[in-house]
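J.: Have a look at this one before I ask anything.
None of the figures in this text is laboratory data; all of them are computed from the coordinates on show. As the structure is a computational prediction, the values presented were derived from the model and not from experiment. Glycine gets a Cβ as well: all are built from the backbone with ideal geometry, and neighbour counts include every protein chain shown.
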Amino acid sequence: MPAPIPYPLIQGHRYSFASIEALFNGLKILGFTSINYEDSLEPGKIWGSRPQKIGRTRGKQDPKAEVEMLKLEWEQFKLTLGAAGVGFGEASFNIIVVYAEQPYAPVTTDTLIGCRITNVKDASQDGTDASKVTLTIDPMTILHNGVPMVTPDGFGF
């Protein structure tokens, strides 16, 4: 059972974007401007001869992620992916996202495992903003502070 959160939270410190550090394929990148990931598990619905469901299947998990980073950091990250001798869209890598707001909140670590890049969008425009790249990423699974959404299979395959 987790410890209850004391209210009011002293100093009011909560995780924010400034609390995040991330490792992309082992490379610590500070120049990312957003990181978003989601994990869904859609069970199949089983219907019989009545209007109510009579069951459901385990379902299919479909994690997704999107990262926006500065162009220079993307070029450096891309080099780590190409080091495997394959195109960067075929390379598999992990992303480790650490939320730390010490000493006010415990460190939380999410791990996106077996990621592949499925889309790259470069964005530059007139003005003073730095050029950015948005990556659409397909993870195999996500550990939410060490806990998976789906129980790992024990079939030994």
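J.: Relative to the Cα centre, what is the charge dipole magnitude of the chain, using +1 at the beta carbon of each Lys and Arg, -1 at the beta carbon of each Asp and Glu, and rounding to the nearest 20 debye?
T.: 720
J.: Let me ask another. Between LYS121 and HIS13, 0.36 nm times their residue separation minus their Cα-Cα distance comes to what?
T.: My answer for the length gained is 35.5 nm.
J.: Defining a contact as two alpha carbons under 8 Å apart and six or more residues distant in sequence, what relative contact order in percent does the range 23-115 show?
T.: This gives 28 percent for the range 23-115.
J.: Let me ask something else. Roughly speaking, what is the stretch gain from HIS144 to THR108, that is 0.36 nm per residue apart minus the C-alpha to C-alpha distance, in nm to one decimal?
T.: 12.1 nm
J.: Next question, about the same structure. Using a Gaussian network for the chain with springs between C-alpha atoms less than 10 Å apart, which of these wobbles most: LEU112, LEU30, LEU135?
T.: Highest fluctuation of the listed residues: LEU30.
J.: Tell me the mean residue ellipticity at 222 nm calculated for the chain from its helices only (DSSP H runs of n ≥ 4, each -39500 (n - 2.57), averaged over every residue, nearest 500).
T.: Taken over the chain, the calculation gives -2500 deg cm²/dmol.
J.: Let me ask another. Using the charge dipole of the chain (Lys, Arg: +1 at Cβ; Asp, Glu: -1 at Cβ; taken about the Cα centre), state which of LEU41, GLY26, ILE137 has its Cα farthest towards the positive end.
T.: Of the candidates, LEU41 comes out farthest on the positive side.
J.: In addition: With a Förster radius of 35 Å, plug the Cβ-Cβ distance of THR128 and SER92 into 1/(1 + (r/R0)^6) and report the FRET value to the nearest 0.05.
T.: 0.45
J.: Among ILE95, PHE17, THR57, which residue has its Cα furthest toward the positive end of the charge dipole of the chain, with +1 on Lys/Arg Cβ and -1 on Asp/Glu Cβ?
T.: Projecting each Cα onto the dipole axis, the largest value belongs to THR57.
J.: Which angle between 0 and 90 degrees, to the nearest 10, do you get for helix 71-82 versus the longest principal axis of the chain when only C-alpha atoms count?
T.: 60
J.: If the cut-off is a Cα-Cα distance under 13 Å, which aspartates and glutamates reach LYS78, setting aside same-chain residues fewer than 8 apart in sequence?
T.: GLU90
J.: Evaluate the charge dipole of the range 60-139 about its Cα centre and quote only its size in Debye, nearest 20, assuming +1 on the Cβ of each Lys and Arg and -1 on the Cβ of each Asp and Glu.
T.: 240
J.: Follow-up question, since we're still on this one. What percent does the relative contact order of the chain come to when contacts are Cα pairs within less than 8 Å and at least six residues apart?
T.: 23 percent.
J.: With springs only between Cα atoms under 10 Å, which of ALA65, ALA100, ALA22 fluctuates most in a Gaussian network model of the chain?
T.: Maximum fluctuation in the GNM of the chain, among the listed residues, is at ALA100.
J.: Percent relative contact order of the range 84-148, based on C-alpha pairs within less than 8 angstrom and at least six residues apart?
T.: Relative contact order, the range 84-148: 31 percent.
J.: Something else: What shape does the chain take by its C-alpha gyration tensor, where a ≥ b ≥ c are the square roots of the eigenvalues and a/c under 1.5 counts as rounded, a/b above b/c as prolate, and the rest as oblate?
T.: oblate
J.: Modelling each spin label as a point 7 Å along the Cα-to-Cβ direction, I'd like the GLN52/THR80 distance in nm, to one decimal.
T.: For GLN52 paired with THR80, the spin-label model returns 5.2 nm.
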